[in-house]
1. Would you check if E7 is assigned to a helix (DSSP H, G or I) and modelled with pLDDT under 95?
2. Consider A57 carefully, then state whether it is under 14 Å from I111 (Cβ atoms), crowded, with 22+ Cβ neighbours inside 10 Å, out of contact with any Phe, Trp or Tyr (no Cβ under 7 Å at 6 or more places or on another chain) and modelled with pLDDT of 95 or more.
3. Look at region 16-37 and say how many of its residues are open to solvent by 70 Å² or more (accessible area, probe 1.4 Å), free of Cβ contacts under 8 Å to residues at least 60 places away in the same chain and part of a loop (DSSP other than H, G, I, E, B).
4. Restricting region 88-104 to residues that are part of a strand (DSSP E or B) and basic (K, R), which is least open to solvent (accessible area, probe 1.4 Å)?
5. Determine whether L41 is in contact with a helix residue (DSSP H, G or I) (Cβ under 6 Å, 6 or more places away or on another chain), open to solvent by 30 Å² or more (accessible area, probe 1.4 Å) and under 20 Å from K17 (Cα atoms).
6. Among the numbered criteria (1) farther than 19 Å from V107 by Cβ; (2) surrounded by 15 or more Cβ atoms within 10 Å (Cβ to Cβ); (3) in contact (Cβ under 8 Å) with a residue 12 or more places away in the chain, which single criterion is violated by T82?
7. Could you check region 6-15 and list, in sequence order, the residues that are open to solvent by 50 Å² or more (accessible area, probe 1.4 Å) and either closer than 16 Å to A120 by Cα or small (G, A, S) (or both)?
Amino acid sequence: MPTLAAEDVYALAPYAKTLGVVFEEISEVGVQARLVHDLSLSTVGGGLHGGALMGLADVCAAVCAALNGPAGAAPATVESSTHFLRPARTSVVATARPLRVGRNSVVEVDIHDDEGELCARVTQVVTTIKPKGPDAR
């Protein structure tokens, strides 16, 4: 199985670092990352914006799918379904786990707040794409 460190993810997908995603665990069994609550990421009422939560989930799902895919393949989300269950007014932790591994992997991501409450559940279909050589069209 391929391995990745947080710095590898930030180099391949700078948006993860820009958003403020901090990885706590990265393995093919699961990916866990934290997003610190910041007013710049909030919406009406002080909760984290849904787009920030979805961005966190997308990053975690992509890393999880990449770790379960062929070495050197890049992840690309092809479908995402988000269920917002409660406002996230604290920092959050996302936990991604593969439900089905294959060319199109299915990854489920749960996002919990600092009190342990489930704030969102995201299911994504992530395909892995082998990079083409310099002469490929």
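1. Answer is yes for this residue.
2. Details: under 14 Å from I111 (Cβ atoms): yes; crowded, with 22+ Cβ neighbours inside 10 Å: yes; out of contact with any Phe, Trp or Tyr (no Cβ under 7 Å at 6 or more places or on another chain): yes; modelled with pLDDT of 95 or more: yes.
Here the answer is yes, as A57 does meet what is asked.
3. Residues flagged as open to solvent by 70 Å² or more (accessible area, probe 1.4 Å), free of Cβ contacts under 8 Å to residues at least 60 places away in the same chain and part of a loop (DSSP other than H, G, I, E, B) within region 16-37 amount to 1.
4. The first filter runs over region 88-104 and keeps only residues part of a strand (DSSP E or B), leaving 92-100, 104.
Filter again for basic (K, R), leaving 97, 100.
Numbers: R97: 71, R100: 128 Å².
Filtering region 88-104 for residues that are part of a strand (DSSP E or B) and basic (K, R), the one least open to solvent (accessible area, probe 1.4 Å) comes out as R97.
5. On the way: in contact with a helix residue (DSSP H, G or I) (Cβ under 6 Å, 6 or more places away or on another chain): yes; open to solvent by 30 Å² or more (accessible area, probe 1.4 Å): yes; under 20 Å from K17 (Cα atoms): yes.
For L41, the condition - in contact with a helix residue (DSSP H, G or I) (Cβ under 6 Å, 6 or more places away or on another chain), open to solvent by 30 Å² or more (accessible area, probe 1.4 Å) and under 20 Å from K17 (Cα atoms) - is met.
6. (1)
7. Step one: of region 6-15, the residues open to solvent by 50 Å² or more (accessible area, probe 1.4 Å) are 7-8, 11-12, 14-15.
Passing the criteria: only A11.
The values are calculated or read from the model by the stated rules, or taken from the named source; none is laboratory data. As the structure is a prediction and not an experimental result, all values here were calculated from the model. Note that we place each Cβ from the backbone using ideal geometry, even for glycine, and neighbour counts take in every protein chain shown. Surface accessibility is based on the protein's heavy atoms, side chains included, excluding ligands, DNA and RNA. Shrake-Rupley method; radii C 1.70, N 1.55, O 1.52, S 1.80 Å.
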